[in-house]
Structures are given as structure tokens and as C-alpha cells.
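Note sheet for the following structure.
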Amino acid sequence: MSLLTVSNLGKSFGGNRAVDGVGFSVAPGELLALIGPNGAGKSTTFNMVNGQLAADTGSIRLGEHELVGRKPREIWKLGVGRTFQIAETFGSLTVVENVQMALLSADGRLFSMWRRAAEHRRDDAMDLLRQVGMATQAERPCSVLAYGDVKRVELAIALANRPKLLLMDEPTAGMAPKERNELMALTKRLVVERGLAVLFTEHSMDVVFAYADRLIVLARGRLIAEGRPAEIRDHPKVQEVYFGSGKTFEKKVPA
């Protein structure tokens, strides 16, 4: 049974139809990769699911809830977490304080300069950090972390509201191959353990083919292919859109 169901999604900017009749679904426990060449409509589609852009047409349903017309904050409250292409953390706060800030927000509590985030649900914050492999760095300021570690902290923050759906925008951007594989292996484990549904965009095809359960491919705003990695790798229309004729995706596996 699908958790997220997108139907006939459309968005125009001026006379340009950026997304045209796109539909797909994501089930609990599934990683769905949204890929396509530059200008395919990936970011527009992704941002409509999150509520950052308003859809012109179509439906985006999270279980029984219609998301079209809702603000990002409302969508977050319904159980949708998100990570960003450029990781967003408070550099001046420690790792654990960053997660505690997210827990404060999830609990509907306002942060005050007179009441430090460090007083709020520290044990729960530490548990989230253990899940992403960052508990030993809990007291370090985020400003001194390696970029791969910042992405792990961002993942812990995204899990603070116990999401049912996790949106990951270019989760491995700027990371070395080893870091990419470690982060996606961690995400895969959390998906299985928590029964999460994950929709992610990604330019690194090694990550996509190694970790996605299914792929959807956009080109010029339209869905041109959908299927499992092996099916998409050999799909003639996908090969044509990405490379023209005569080339194929390399078969890459995690290091």
C-alpha cells in the first residue's frame, strides 16, 4: 500500500510547462529515486511535494491527507521530514543541541534565549545521534565537523518529528565516494528499521543504482520511465535522454 500518491501533477512558469502530468507513488520501506537530466523538472516536482511550490494541477496525497495547498510547516507536522542539498544546521550550537532544537520544534515548544535547548529531551536527542553514528561527537560545535558528519546530523534532525516520509534533496552532494556510500547505507538501514518511505533526488548514478528500490525518470517535465534499477539502466528512452545513442550507464556497486 502506498504512503505517498502523486497524480497528474503540473506546474508552469510563464509559458514554460516545467512539470506536465507527473504521477508516482512511494510505499513504506521503499527508497524511490527521482532522476533526470538538467531541466527535467526534478526540483520543481520535489518542491511541490514539500509545499515550497504550489502545484497548478494534480494531487499529492500522504495517506488520507491532501498536501496540495498546504504550507511546508503543515506538511512537516503531518509526518514529512526533509534534508537539503546544502546541509542546514546551526554552526554555533553543538551537535546534540541541534537535534534538541529539532525536538523542541517537533514538540511545539518555542526556543528562548533564557531556556537553553540543552534542557530539552537530551536522552532522545542522543538516541537519534546514535542511530546516525554521531553520538561520540555530540558535544562538538557543528561548525567544526567534516561535511559528511554534518549530513549525518541533518539526517538526525530530519528524523526528530518521527516522519513517515523522508524527502532527501541531493543527499550525497559534495561528499566523497566513501562518505556517499556510508550515508546511503545508513539511510537504507533506517528505512527498513522504521518502515520509512523515502523520495530522493540524486545526480550520482552510482548511489542511485546501488541503493534505490525503484526509479522514476523525468525529461522535459514528463515521466518517461519507471521501474527497478536494472530495468531503468537498460531502458532505451532513458539512455537516449541522458547520453544520446550508443552509451549505457556503468554498473557500479558500493565500495
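Please treat every number below as a calculation from the coordinates, not as lab data. This is a predicted model, so every value here is computed, not measured. Counting neighbours? That spans all protein chains shown, and the Cβs are built from the backbone with ideal geometry, glycine included.
Structure above, values below:
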item	result
Karplus-derived 3J(HN,Hα), 6.51/-1.76/1.60, for each residue of the range 55-60, Hz, glycine and proline x	6, 7, 9, x, 9, 10
Longest site-free stretch - the chain; sites: chymotrypsin sites (Phe, Trp or Tyr not before Pro), DSSP loop, at most 16 other Cβ within 10 Å	115-255
The range 75-201, relative contact order [Cα under 8 Å, separation at least 6], %	36 percent
Approximate spin-label separation residue 92-residue 185, in nm, with each point projected 7 Å along Cα-to-Cβ	3.8 nm
Rel. contact order, % - alpha carbon contacts under 8 angstrom, at least six apart, the chain	26 percent
Förster radius 25 Å - calculated FRET efficiency between residue 2 and residue 85, Cβ distance, rounded to 0.05	0.45
GluC sites (Glu not before Pro), loop per DSSP, at most 15 other Cβ atoms within 10 Å - longest free stretch of the chain	140-249
Förster radius 35 Å - calculated FRET efficiency between residue 146 and residue 74 (Cβ-Cβ, nearest 0.05)	0.55
Mean Kyte hydropathy of -1.0 or more with a Cα span along the axis of at least 20 Å, helices from DSSP in the chain	177-194
Euclidean distance of C-alpha centroids, the range 186-213 and the range 48-102, integer Å	18 Å
Where labels lie 7 Å past Cα in the beta-carbon direction, separation of residue 231 and residue 12 in nm	3.2 nm
